[in-house]
Amino acid sequence: MKGTLPAYMQGTSDSFIGVSPTNDLLYSNLMNVVWMLGLWFVIKVIHKRKLRTLVTARPKIDWKQAGWGFAVFFGLMIAFQVLDFIIFPGDTVLNNFSWGAFFYLFLVVLFLVPIQTTVEELFFRGFLLQWFAKKIASPITLSIIIAAIFGSLHFSNPEMGRSAVWVGLDYIFTGFMLTWIAVKIGSLELSIGAHAANNMFLFWFISDEQSVGGELPSIFKVTDVNPMLSFLMTAAILIIFYVLSRRKYLVGK
């Protein structure tokens, strides 16, 4: 169209200007494919290890465990979102979108978001966690360190504009619990599944202009967010997920 500005990447936020929110999500997540390849190169060529060793010490990755983690965490998010609908019915409404636009979003999220979440898990709770574990034995200390790094790198997200304290705590506590679960279970499959479930649920179901995804053609749209209650909901989901994971994979061992 004549007079339309060309699309470009805004370096300060790693977002693309002049494209739809779904295409912004697409282009941003394509960069994670490069990150994954770079991580593979470092582990394979420089460290002479298999990428699998960032996930588990077992001969094979337990994809069934990752699937269990995804299903349980996704189910918990649905349950708590329904509870939120009941308690605060006006805070989330049906979004005005076309099913064609949603189907395109669905495919982008389905194929690319798991790459983004998995590469973050491999880097933070795989590479960095194992590196710090060479000098630090305490699971709590390790979880705090990784949580601080993981959380701080999300502090530039637009959600921080709602409350630097509560949203910041949300990121840090999420990083802590995912790391704690990985340390206690002894592998990353559950964290990989939970992280993917969290991001995919949010992109598919919740459109929020003050978020990383922006005004996506998701099924629902947020009209109001209480940062403190949002943090408490996240904390409850993570704690319940940890308890269920312990009962499933640690009881009797």
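Just so you know, all these numbers are worked out from the coordinates, no wet-lab data involved. This structure is a prediction, so every number in the text was calculated from the model and none was measured. Every residue, glycine among them, receives a Cβ derived from its backbone with ideal geometry; neighbour counts consider all protein chains shown.
Between amide H atoms placed 1.01 Å from N, distances below 5 Å from residue 207 occur with 218, 220, 221, 222, all of them 5 or more places distant or on a separate chain. This model, with +1 at the C-beta of Lys and Arg and -1 at the C-beta of Asp and Glu, gives the stretch 147-253 a dipole about its Cα centre of some 660 debye. For residue 236 and residue 104, the difference between the fully extended length at 0.36 nm per residue and the C-alpha to C-alpha distance is 44.3 nm. Both radii are taken from the alpha-carbon atoms of the chain; with Rh as the Kirkwood radius, Rg/Rh is 0.97.
Over 25 Å apart at the Cα level, from the set 50/184; 221/248; 48/135; 44/248, are 221/248; 44/248.
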